[in-house]
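Engineer: Please read through the structure below; I'll follow up with questions.
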Amino acid sequence: MDLKQNDRLVTLEEFIIQSQNRFPGATGELSQLLRDIGLAAKIISREVNKAGITNILGNEGSTNVHGESVKKLDTFADQQLISSLERSSITCMVISEENDGIVRLRSSGGKYIVYLDPLDGSSNIDVNVSIGSIFSIYMREPRFDPAVEEKEALQPGTRQVAAGYVLYGSSTTLSYTTGLGVSLFTLDPSIGEFILTERKVQIPDHGTIYSINEGSYNSWDLGLKKYIKYCQEEDQETGRPYSARYIGSMVADIHRTLIKGGIFIYPHSKRYPDGKLRLMYECNPLSFIIEQAGGMATNGKKRIMDIKPDSIHQRTPIYIGSKENVEMVMDFLFEYAEEEAV
Ligand code: P6P
């Protein structure tokens, strides 16, 4: 908590307005969009926190575009976020993990495009492990065609105007950036408001936690195997061996990495040749957050946010976290790439 004791409580809505007022030319539309997402987050938080009671658990029976079983809360979160975005008529389309194609909203003239992972980590819903919502916001080209087309949404992560996540855990936290640093809020359910808890989050330059699903060890590149073994060797000077932490819910693993430092890795593997995580609504928004906090995010070769997307649901490997940790794993990947190629 970096707030001085005499700071009065600042709500998410107040903070968004304060931030907007720093830009005289601001139209207030992005502020409205962020407030709409904040409203949906409160409603989703309420449902997540009582999921066990209202029998909303369990599969809905359908599968999403990736063949993963859809949980009822997935659908609820998707519907809440989309209907909340419809309210302000400034978003023309939504792309979400739960929908195969783009979802055109009523406001075809809206200038914003929103990517959503409505409820990331949903496989953890039934076992009460933290889950999250992720959002990524782009603007359409200035002179856009009124016909809302998918190709308008295929923009690199560097073009994001805002991104963030909501983590439904022991408390519900919301973190977002508009490119001016990362702010952190915690939901106070007694007043139904997200309260500012940190104005400018900074990720440690180095951390001693690595986060990866070691079950897929046998399909890793040699360099990655060597890096993880390096983390596991004894060396008190460099804080080794590191601790391994893997929640299996990306938002939770990234939030811990943001606060404590270290690295989160989801590499390509035999099962996921292009990596499992989606570029546009998981990796880009979380990379924007981590970069804005002073960290780094790559696909093992290049910056995640520089990737020019070919499709709205494409996947990518990701190495993300403290700068020194990401730079080190990339050194290992590069060093052993030649050896492996032989
Ligand atoms: P695995 C959850 O399903 C998710 O999309 C991310 O939240 C998480 O980081 C990853 O998949 C976990 O995948 O293969 O380790 O179970």
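Each value in this text was obtained by applying a stated rule to the coordinates, not by laboratory testing. Nothing here was measured: the structure is a model prediction, and the numbers come from that model. Counting neighbours? That spans all protein chains shown, and the Cβs are built from the backbone with ideal geometry, glycine included.
Engineer: Skipping prolines and chain starts, which residues have an amide H placed within reach, meaning under 5 Å, of the one on G207, given they are 5 or more residues away or on another chain?
Structural biologist: G262, N325
Engineer: Then there is this: Between S311 and Q232, what is the FRET efficiency for a Förster distance of 30 Å, r being their Cβ-Cβ separation, to the nearest 0.05? Walk me through the intermediate numbers first.
Structural biologist: Working: r = 37 Å, r/R0 = 1.23.
So the FRET efficiency works out to roughly 0.20.
Engineer: Assuming 1.002 mPa s and 20 °C, estimate D for the range 209-337 with Stokes-Einstein, Rh taken as the Kirkwood radius over Cα pairs, in µm²/s. List each step's numbers first, then the result.
Structural biologist: Details: Rh = 14.6 Å.
The calculation lands on 147 µm²/s.
Engineer: Please find the FRET efficiency linking R240 to S170, where r is the Cβ-Cβ separation and R0 is fixed at 35 Å, and quote it to the nearest 0.05.
Structural biologist: On the way: r = 29 Å, r/R0 = 0.84.
For R0 = 35 Å, the calculated efficiency reads 0.75.
Engineer: When you take every Cα atom in the range 121-280, what is the radius of gyration, and what is Dmax, the widest Cα pair distance, in Å?
Structural biologist: Both quantities, over Cα of the range 121-280: 18.6, 61 Å.
Engineer: What angle do you read, to the nearest 10 degrees and between 0 and 90, between the alpha-carbon axis of helix 12-21 and the longest principal axis of the chain?
Structural biologist: In the chain, helix 12-21 runs at an angle near 80 degrees to the longest axis.
Engineer: Semi-axes of the equivalent ellipsoid of the range 108-180: what are they in whole Å, largest first, if each equals the square root of 5 times a C-alpha gyration tensor eigenvalue?
Structural biologist: On the way: eigenvalues 176, 39, 16 Å².
Working from the Cα gyration tensor, I get semi-axes of 30, 14, 9 Å.
Engineer: Dipole of the chain, Cα-centred, from +1 at each Lys and Arg C-beta and -1 at each Asp and Glu C-beta, to the nearest 20 debye?
Structural biologist: Details: 36 positive and 46 negative charges, 135 e Å.
I would put it at about 660 debye.
Engineer: If you stretched the chain out fully between E324 and R271, how much longer would it get, using 0.36 nm times the residue separation minus the C-alpha to C-alpha distance? The partial results should precede the final answer.
Structural biologist: On the way: separation 53, 0.36 × 53 = 19.08 nm, distance 2.87 nm.
Value of the extension gain: 16.2 nm.
Engineer: Shifting gears a bit: Tell me, how many Å apart are the Cα centres for the range 89-168 and for the range 188-262?
Structural biologist: 26
Engineer: Hey, which of these cross-link pairs are over 30 Å Cα-Cα: K111/K301; K200/K270; K42/K323; K50/K302; K225/K302? Can you show the working numbers first?
Structural biologist: Details: K111/K301 33 Å; K200/K270 39 Å; K42/K323 33 Å; K50/K302 41 Å; K225/K302 20 Å.
Check vs 30 Å cut-off fails for K111/K301; K200/K270; K42/K323; K50/K302.
Engineer: Something else about it: Can you give me the angle between helix 323-341 and the longest principal axis of the chain, using Cα atoms only, in degrees from 0 to 90, rounded to the nearest 10?
Structural biologist: It works out to around 50 degrees.
Engineer: At what distance in nm do the modelled label points of V127 and L9 sit from each other, each positioned 7 Å from its Cα along Cα→Cβ?
Structural biologist: 3.5
Engineer: Comparing M330, M296, M280, which has the greatest mean-square fluctuation in the GNM of the chain with Cα pairs linked when under 10 Å apart?
Structural biologist: M330
Engineer: Let me ask something else. Roughly how many debye, to the nearest 20, is the charge dipole of the range 209-337 about its Cα centre, given +1 on each Lys and Arg Cβ, -1 on each Asp and Glu Cβ, and no other charges?
Structural biologist: On the way: 17 positive and 16 negative charges, 93 e Å.
Its charge dipole is roughly 440 debye.
Engineer: In nm, give the distance between the simple-model label positions of E338 and A147, each being 7 Å from the Cα along the Cα-to-Cβ direction.
Structural biologist: Placing both labels 7 Å along Cα→Cβ, they lie 5.2 nm apart.
Engineer: Cβ neighbours within 10 Å, averaged per peptide: list 254-265, 187-198, 29-40, 143-154 in order, most packed at the top. Walk me through the numbers on the way to the answer.
Structural biologist: Details: 254-265: 23.8, 187-198: 16.0, 29-40: 20.7, 143-154: 13.3.
Ranking, from highest mean packing down: 254-265, 29-40, 187-198, 143-154.
Engineer: Could I ask something else about it? What are the principal axis extents of the Cα atoms in the chain, in Å, biggest first?
Structural biologist: Principal axes ranked by extent give 55, 50, 46 Å for the Cα atoms.
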